[in-house]
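The values are calculated or read from the model by the stated rules, or taken from the named source; none is laboratory data. Since this is a predicted model, take the numbers as computed values, not measurements. Positions of Cβ are backbone-derived with ideal geometry, glycine not excepted, and every protein chain shown enters the neighbour counts. When the accessible area is computed, the model is the full protein with side chains, heavy atoms only, and any ligands, DNA or RNA have been set aside. Shrake-Rupley method; radii C 1.70, N 1.55, O 1.52, S 1.80 Å.
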Amino acid sequence: MMDINESKIIMGSDPGYGWNKHVFSKFGNNVWDSRVFPSLYTENPPESTNIEAIDESDPFSPNFHEYFTFGVRKLDDPYSKIRTFAVGDGVRDFTRKIAHESFAIQRDNTKVTDWIFSIIAMLAVTQGVSEYSVGLTVPINQMEDMKQYLKEHNIKGDYEVYVHNEPNFNITKKVRIDSFYLLEQAIAALYNEVYTISEEGVPIYKDKSLTKKKVIVIDLGTNTINYALVENMHIINKNRKPEAGAAKLIQRIQEELESYSIDMSYSNIQKKLMFQSRFIVNYFNKKTEMLEDMDITDKIEQIKKDVFKTIISPTINSIITSSAGKEADIDKVLFTGGGVKLFAKFLKPRFSSPRIIIPEHPQLANAIGTWKSVYIAEYKKRS
């Protein structure tokens, strides 16, 4: 067996608007680190009074409620300046008000690549590997701008990165990005379904037939639904539907909670929906003048059903009509994105079972597919 990654981390990343995430494997051995990294960061970290000393071997996994500052400097560019930025819940709290004024946050390309560097900085101080191959997947509306940005700014090269957390966690490392790949989300999602990596680290087909089929990939995002019609692994039609994503569901739930004088943030509602089987809230009962638990799961399910019927389903119908003409012309429908988990019980009856594809982890499908794409490309280089 040929191990292609003894000195390299291969990383696939998907900077989604809601929850950023990345998937990487240190040695390409199919063991994923799928930690969710904060989606918001700032170049001007706020002063925080709750940062405590960090002295653990992996400070990020148990202590990511804190925030860290990062510095990045490109060593092979004499004009490169140190860029500092911060990630973590402290920063997210700092930026939440501004960010939630518009659910469709349009981050510029510098912010996206800085996010990549922040992840690399974290991995550099927690892993014994300094060489990276990075894959990035971006929404269809950002693809051309990102391509142009990458032409003008060579991401590959040697860097000095540091991670800083007062008072005693301060590590500097040198890292190298020796290859950088860019994928559209629809192609990344398909890679996740077409290929798998064996326990021996060999790329094998999971479903080779998809490479010859006409597949429509629908990404149910936070505020938008992106879609692409893919034939023979090439995108032949693509677009996005604004004001049609999971944010509409969250807004409806917030309105319901307000009727009980409950103020719950977007992110907390999302966490409840994604990871809890029941939707239980704590509210003040005016009659008893006590705080009590209230199970509103049935009400939330009714809201889901209404949103799917009035927003999601009509949007899907419109997507199919505009991209393929008629549903019979499509071989497969692949759903990805965090919104899939919220509406899966309604999506499955909408399509015949052999036609619909819902990944095991739809919110990570783009990132995992990107990882597989990069892994296969690096594997072929060494074959």
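What the table below lists for this structure:
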read-out: Along principal axes, Cα extents of the range 135-213, largest first, whole Å; value: 54, 36, 22
read-out: Of all accessible heavy-atom area on the range 124-277, the percent that carbon and sulfur account for (1.4 Å); value: 42
read-out: The range 190-243: radius of gyration over Cα atoms, expressed as a fraction of 2.2 N^0.38 Å; value: 1.38
read-out: Per-pair calculated FRET efficiency, R0 = 22 Å: residue 75 and residue 170 via Cβ, rounded to 0.05; value: 0.70
read-out: 28 Å Cα-Cα reach of residue 81 towards lysines, excluding residues that sit fewer than 8 places from it in its own chain; value: 8, 21, 111, 147, 151, 156, 173, 174
read-out: Surface share of carbon and sulfur [accessible, 1.4 angstrom probe, percent] for the range 321-380; value: 50
read-out: Burial order of peptide ranges 171-178, 115-122, 187-194 (average beta-carbon count within 10 Å, highest first); value: 187-194, 115-122, 171-178
read-out: Å³ per residue enclosed by the Cα convex hull of the range 309-362; value: 82
read-out: Per residue value of the accessible surface for the range 311-364 (all protein chains in place, 1.4 Å probe), Å²; value: 43
read-out: Between the range 215-242 and the range 263-278, the Cα center-to-center distance that results, in Å; value: 27
read-out: Where N is the number of residues in the range 169-293, Cα Rg divided by 2.2 N^0.38 Å; value: 1.62
read-out: Mean Cβ neighbour count within 10 Å, used as a protection proxy, ranking 276-284, 325-333, 355-363 highest first; value: 355-363, 325-333, 276-284
read-out: Highest average packing first - 342-353, 219-230, 313-324, Cβ atoms within 10 Å; value: 219-230, 313-324, 342-353
